[in-house]
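Let me begin by presenting the structure, written as structure tokens, before commenting on it.
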Amino acid sequence: MHRRAGLPSVRELAEAIGKSPSGVHNAFRLAKVPEQRLTMAIVDRLTLRVRDWGVGISQETGIEKTLRRFVRLWFQAKQEEEELAAQGKPPHMSDATRRLLFALSPECSMSHPTRQLHQLHDIVALEDPAAGKTPAFLRKTGLRPEAPNPWHLIHLCRGCQARRYTGELTEAELRAARFALDRRPGAARHYAAYHDQVLLGAEEVIDMNVVGRVQMIIKADPEVAAPPYTLNHGELSVDRAHGLLDWGDHPCEDEH
């Protein structure tokens, strides 16, 4: 419509509809559905500037059909935006899990950093193709784990969340990108920090499958799979390689 109306400037449109230039500019440029009244005011003004509606279509008919079409488009876009916002709501997770994901991928795991300027981003849950119903004994006792598996989470900007919602990004591509994080330099160090939080009880849910995979990543890095270390002046020995804690009186060379 803007093109068919002769590409009027933002200032022209703002003056014509009695709105601020910044508000009109944002309606065109921001990746957010504008307020309906503003949207239709802009569309209404643009239709008045269109000179040719096509063979056999009067200006009155062209304007009427265009306004109805844009009302439908606005509601469709608003519904998609709300569905995307609900889908992109960050899943429940512990601070340790969140720190791990942000350490592995400080920016969006799918977009190049230069594409992420000023884009909101957060951790979202991936679909788990192997997920089944919670076993009956867990449902009855209320022991269902609440923290998600770290490998079922990925860090995405809003743009990539939208691409996922439209099907441009598949779950297979997202899972491949998530597993690729484990091969980045320094990944074992981040998993070691996460593992320490699990051993010390800071992680909410201890899933032995998760712990086992973390230990495999740690053991693959000789610098991280170090001998046991001590905490609290030797009161606690932490063995990352075997996932063990040992309370007692251990030699400690750390003066702190």
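Some notes on this structure:
- Scanning region 156-183 for residues that are outside any helix (DSSP H, G or I) and under 9 Å from M110 (Cβ atoms) yields L156, C157, L169.
- Residue within region 169-183 that is in contact with an Asp or Glu (Cβ under 7 Å, 6 or more places away or on another chain), at pLDDT 80 or above, farther than 29 Å from E83 by Cα and outside the structural domain of A31 (by TED's automatic domain parsing) present: no
- Selection status of V24, touching a residue at least 40 places away in the same chain (Cβ under 8 Å) and touching a helix residue (DSSP H, G or I) at 6+ places or on another chain (Cβ under 6 Å): no
- Residue that is modelled with the lowest pLDDT, among those in region 21-38 that are surrounded by fewer than 15 Cβ atoms within 10 Å (Cβ to Cβ) and among the hydrophobic types (A, V, I, L, M, F, W, C): A31
- Qualifying residue in region 218-230 (condition: acidic (D, E), over 24 Å from the mean Cα position of the chain (by Cα) and modelled with pLDDT of 70 or more): yes
- Residue within region 46-54 that is among the acidic types (D, E) and modelled with pLDDT under 90 present: yes
- Residue satisfying condition, being in a loop (DSSP other than H, G, I, E, B) and either out of contact with any Cys (no Cβ under 7 Å at 6 or more places or on another chain) or closer than 29 Å to Q161 by Cβ (or both), within set V71, V24, V43, V33: V33
- Which numbered condition E80 fails, given (1) assigned by TED's automatic domain parsing to the domain that holds G186; (2) at pLDDT 70 or above: (1)
The values are calculated or read from the model by the stated rules, or taken from the named source; none is laboratory data. The structure presented is a predicted model; accordingly, all values stated were derived computationally and were not measured. Ideal geometry is used to build each Cβ from the backbone, glycine not excepted, and the neighbour counts take in all protein chains shown.
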